[in-house]
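Below is one structure, written out as structure tokens; comments come after it.
The values are calculated or read from the model by the stated rules, or taken from the named source; none is laboratory data. Note that the coordinates shown come from a computational prediction; the quantities given were computed from them, not determined experimentally. Every residue, glycine as well, gets a Cβ built from its backbone with ideal geometry; the counts of neighbours run over all protein chains shown. When the accessible area is computed, the model is the full protein with side chains, heavy atoms only, and any ligands, DNA or RNA have been set aside. Shrake-Rupley method; radii C 1.70, N 1.55, O 1.52, S 1.80 Å.
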Amino acid sequence: MSLAPVVTGISPIEGVPGTKVTIRGENLGFCQDDLMGLIICGVDCLMSAEWKSNNKIVTRSGGGIGKGDIIVVTIQGGRGTSTVQFKGLQEAMGPLKESAVWANVGSVLEQVDTLYDLKCVFESDIQEYGRQSTEVLQKAIYKCKEEADKLFEDVLHRKDRADGTRNAINVLKRFRFLFYLPVNTERNIQKGDYDVVINDYARAKSLFGDTQIQLFKKFYSEVEKKIEDLRNILSEQLIKMPTTLEYQKKIIRNLYHLETPGDPAWQCLGAQHAYILHLLMESRDSHLSRELADHDLGANKGSTPGPPVSSSSRNTTPAAKYNKIMMSSVGEWQASAPVRVLLIEDLGDILSTNFPDMWKLSQAYFGGELLPSSAHVDHFKHPECKEMILELLGVFSGIIRGAIIPQTLNPHGAYIRKYHVWPEVPLDQITPWLPQVLRHIRSCYNTLLMLDLPKDAVDVIKTLLFDLRVHCLTSLFQQTVDHLCSLHSREDWRVEVDDEQGGYTHLPQICEGDIIECAQLVKETVLEGGRREPSLLDHPNISKDIGTLIHNVIVAFAQALRKLTLKDPDDPEVEDVPDRSNQENGTTVALPSVEVQFLITLSNCAYMRRVILPRLGESLVRAGYPKAEVIESIEKSSQTYNELQETLFDAYLEERIDPIIGMIERSMYLGQYDWGKVRHTPTEVRSYVKEILLNVSQVHAEVVAVWPGLIPSLIERMVEVIGEEMARLITCVSSFSQNGALQAHIDLAALNLALNNYMSPTAQASFQEAAEALPKLTSEAKRSKENVLRSFHNKMKFLLACFLDLNPVPNGEQMIASI
Amino acid sequence: MSVGKKTPIQPALHKVIMVGSGGVGKSALTLQFMYDEFVEDYEPTKADSYRKKVVLDGEEVQIDILDTAGQEDYAAIRDNYFRSGEGFLCVFSITDDESFQATQEFREQILRVKNDDHIPFLLVGNKADLADKRRVTFEDAKQRSDQWNVPYVETSAKTRANVDKAFFDLARKISSRKYRSEAQEESSPKKSSCCIIL
């Protein structure tokens, strides 16, 4: 304060008590009444102070001994300082001090004379007035005094009263600060000028805190009462939430300045803790009751929770749903999001907005920032504070776990009963929202990271995040698996033919697209950790799990393919598959025959194995999935597809070959044909042979349309079976007439000729066996056989051409000759 | 609001002592310097103390002034006061030759007490405004100051002429002397040997 008095000059610098002292300096007040105190060497000299000017005061020194400051107190400037000092001296009496007693002997003799005179007068007085003369005198004096008192009593009394009044007025004037203080304090409290109140209070306390004067005590206690009220008001405001950190800090400082008993900062921390806890639990409870209400409603309505969701969900992947969520506006999102997703959003907001303030407050508290310099930080409260923080984060994590991943709650802990309160809900309702949930928690985590929290507090959220990510990972993949398993319903049987790889429909590509989409989503939202989050891939177990998950997803499609063709009595759904596909496509295109469906599925399966799987592997590795696991799972799945392919192949073959084989015998003995009773020389290959060839060529045509690459192995197998059947039939014939034998030779040779390109050693052996069972031909017969074959070849050229297209066959003549 | 207990580093303190016969205007000079005030009435001083912050050549310093008694009655206690002084303003009145002669005794007493020929010292001829009552010529005073190898300055406590100059010149001398002795101490850490040589 610029008005603080400063004493810069003292005249003289030392002296015995009562010395007249001139004090010079600055800001010494503007009139006598401005002076509120004058202290020299610790002794108040205000009584004798005589104010001369703003620069000068004259007074008399008090009884202070030794060197000391000269302190002036004024109304305007309060207590001042001094740059010079006064030295109080002790009044010394002694023989060295000048004194008249020791003047000279002459005066002593004079005194003796005087005493003698006195004695003479005294003795004459005794004779005159008696021994008690002084008593008479005393009485007279007392009487005089009484008279005088009577005379002046009135005057003196009035003077006393006047003095008293003047004194009282002076006191009132001088200490009006104190007398106005209760009213002023009240007014300032109402205005909210707490700083002013605190300032006034500190001033009053320093001036009157230990006053003995009753009047002051009374006013001071009134001030104290007001201050007590203020303390209570502030304490109440302090624990009233919500509020801002700055405001809290201000209140806490004010409370400390008001010397409030207790530990307001600590109380505030506790209140904040309770408040956040309350917010978290309240949010949980309100969301839970909403969900329960929805749940009951759903149950009453149709007893199937959310039928539209689950039916449509079969046709969309979680990734697709997630994308749809991301594209939707906030309003839609609010309306469509599951209650617990909204809950997590809410919880995240609560924690992010409230927790940092509490933490900062605690930091400020333990940093001593809030405490007045006199108080010291109570470090014993450290663990307690940490416990509060851990409890908050624990509750936060517990509620989220209970809502989303109850399986991670310790089943034996107390938490499970507290948090596992949510009704079971189909996985697919929550799963698409999981990346969103993750994002919320992650942003929360980032907020916490910035606060520099202790490690175990951060770890609570860190492990929550980790568990959520694992859950999200498995859920997304599991959902995709479910989706792929039901992909068979979308088969439209439209084949696109690729000359190299065979034909395929759109299913394998849908499957590939879905898997990649899912993998991409998982990678973006789950695998790649945020700040200070370990990558899931670094975790050996997770890495292995990912391999399994990839495998499951890929194999799921094989399930779908299997369902398309192989009827599984355990799965009733398969029955209505064709119907549904027809309806959903809304086309009038007739479905291909079951055999063609087989063939197409077979081709899809092969296409999947040879084209899609390697491509998928590459894509996954490129997307950052661990190479070893991807390759392993691709190989394992490839095996599954291989097995499926083989099964389908066998099934198709069976489907096709059975009628052909069944026909051979019937056709061979059509019209009671008897090999032993053939009369005329055969001139033609028999029609059952032509029928066999026609049937085989039909299959050939069917396969070529879908997957030409399948032909060699398929036809080869068919020829083997045909050969086997032929061998069986021929060896069973009891007798051959000559012409009958020739006819049989011709038939076998014709088959041989036509199917030569697909003759495996097994088939060859069967045909050989059949030929050997026949009687030998004469050379004439051989000739006629050649003639018949030649004409057969000429006639059937176009039909046979289909069996030749692999190796351009030499000339028919040469072939016939070779046989 | 909390009152910082840390006091800033106090500026350097130079202790000046006013000496001279009674009534030459030592206190008047001091009060003029301190408070821009001229005291008309005369009241003999015993010993007064003043302290003022000033800016000397850009540096803030404190000048501590001990205004001593001129009357011979107090001659005995002067030794004590002189011991604490770092510089002296030896004042006489140009209207009073006796006071000029007395400066010789003061000079000798100071040199005896301080045992230092180079103690900062200014010869001050006060009451320069009373030119018509001059009894001591400028030349005589100047000659004496030259003989002592100290500056001479004529002042007027009434008009404030040269008042600041007298105090500032002395403070400057004290300051530079302190600085020099500090430098000396630094350059010759073995102080004892130094003393032996001297």
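Which of the peptides A:545-555, B:15-25 is most tightly packed, and how do the rest follow, going by the mean number of other Cβ atoms within 10 Å of each residue?
So the peptides A:545-555, B:15-25, ranked by packing, come out B:15-25, A:545-555.
When the accessible area of the range A:656-818 is computed with all protein chains present and a 1.4 Å probe, what percentage of it is carbon and sulfur?
51
Can you give the convex hull volume per residue for the Cα atoms of the range B:35-76, as a whole number of Å³?
It is 99 Å³ per residue.
Listed highest first by mean packing, meaning other Cβ atoms within 10 Å per residue, what order do A:517-524, B:59-66 come in?
Ranked from most to least packed, the peptides come out as A:517-524, B:59-66.
Which lysines does B:Lys133 reach when only Cα atoms under 30 Å apart count, and residues fewer than 8 places away in its own chain are ignored?
The qualifying lysines are B:Lys26, B:Lys46, B:Lys142, B:Lys158, B:Lys165.
Please calculate how many Å² of accessible area the range A:119-229 carries per residue, with a 1.4 Å probe and no DNA, RNA or ligand atoms counted.
78
What residue among B:Lys53, B:Lys173, B:Lys127 has the largest mean-square fluctuation in a Gaussian network model of chain B, using Cα springs under 10 Å?
Taking springs between Cα atoms under 10 Å, the residue moving most is B:Lys53.
If you put +1 on each Lys and Arg Cβ and -1 on each Asp and Glu Cβ, how big is the dipole of chain B around its Cα centre, in Debye rounded to 20?
With Lys and Arg at +1 and Asp and Glu at -1, about 800 debye.
Taking a probe of 1.4 Å and counting only protein heavy atoms, give the total accessible area buried between chains B and A in Å², rounded to the nearest 100.
The contact between A and B buries close to 1300 Å².
Report the net charge of residues surrounding A:Thr778, where surrounding means a beta-carbon distance below 14 angstrom and charges are Lys +1, Arg +1, Asp -1, Glu -1.
Once positives and negatives cancel, what remains is +2.
Which pairs, out of A:Lys360/A:Lys462; A:Lys20/A:Lys217; A:Lys87/B:Lys52; A:Lys462/A:Lys544, put more than 24 Å between their alpha-carbon atoms?
Values: A:Lys360/A:Lys462 21 Å; A:Lys20/A:Lys217 35 Å; A:Lys87/B:Lys52 19 Å; A:Lys462/A:Lys544 21 Å.
Pairs exceeding the cut-off: A:Lys20/A:Lys217.
Let me know the mean shielding of B:42-48 by other chains, meaning the per-residue number of their Cβ atoms within 10 Å of its Cβ.
Working: counts 0, 3, 0, 2, 6, 7, 8.
Partner Cβ neighbours, averaged per residue: 4.
Considering only the other residues whose Cβ falls under 15 Å of the Cβ of A:Tyr688, what net charge follows from Lys and Arg at +1 and Asp and Glu at -1?
-2
Is the shape of the range A:189-231 best called rounded, prolate or oblate, per the rule: a/c under 1.5 gives rounded, else a/b larger than b/c gives prolate, else oblate, with a ≥ b ≥ c the square roots of the Cα gyration tensor eigenvalues?
Prolate, because a/c is 1.5 or more and a/b exceeds b/c.
Test of understanding: what is the full-extension gain from B:Ala12 to B:Glu37, defined as 0.36 nm times their sequence separation minus their Cα-Cα distance?
Contour length minus Cα-Cα distance gives 6.4 nm.
Could you tell me which of rounded, prolate or oblate describes the range A:107-174, using a ≥ b ≥ c as the square roots of the eigenvalues of the alpha-carbon gyration tensor, with rounded for a/c under 1.5 and, failing that, prolate when a/b is larger than b/c and oblate otherwise?
Note, shape of the range A:107-174 comes out oblate.
For chain B, what does the convex hull of the Cα positions come to per residue, in cubic angstrom?
167
Could you please put A:Ser687, A:Ser697 in sequence from largest to smallest accessible area, using a 1.4 Å probe? List each step's numbers first, then the result.
On the way: A:Ser687 75, A:Ser697 15 Å².
If we order A:Ser687, A:Ser697 from most to least accessible, we get A:Ser687, A:Ser697.
For peptide B:30-39, what's the mean number of Cβ atoms from other chains within 10 Å of each residue's Cβ? Working shown, then result.
Details: counts 3, 5, 0, 0, 5, 8, 1, 4, 0, 0.
Counting Cβ atoms of other protein chains within 10 Å of each residue's Cβ and averaging gives 3.
Among A:Tyr129, A:Ala140, A:Leu172, whose Cα lies farthest out toward the positive end of the dipole of the range A:107-174, if unit charges sit on the beta carbon of Lys, Arg (+1) and Asp, Glu (-1)?
Looking along the dipole axis, the top candidate is A:Leu172.
If Lys and Arg each add +1 and Asp and Glu each add -1, what is the summed charge of the other residues whose beta carbon sits under 11 Å from the beta carbon of A:Phe177?
Taking every Cβ under 11 Å from that of A:Phe177, the sum is +3.
Which value, in Å² and to the nearest 10, is the accessible area of A:Asp117 when all protein chains are kept and the probe is 1.4 Å?
Surface accessible to solvent at A:Asp117 totals approximately 90 Å².
Which whole number gives the average, over all residues in A:5-11, of C-beta atoms from other chains lying within 10 Å of the residue C-beta?
Numbers: counts 0, 2, 2, 9, 11, 5, 11.
The per-residue average across the peptide is 6.
In terms of the Cα gyration tensor, with a ≥ b ≥ c the square roots of its eigenvalues, is the range A:6-91 rounded because a/c is under 1.5, prolate because a/b exceeds b/c, or oblate?
prolate
Using per-residue counts of other Cβ atoms within 10 Å, averaged over each peptide, order A:464-472, B:142-150 from highest down. Display every interim value, and only then the final one.
Details: A:464-472: 21.8, B:142-150: 14.6.
With the highest mean Cβ count within 10 Å placed first, the list reads A:464-472, B:142-150.
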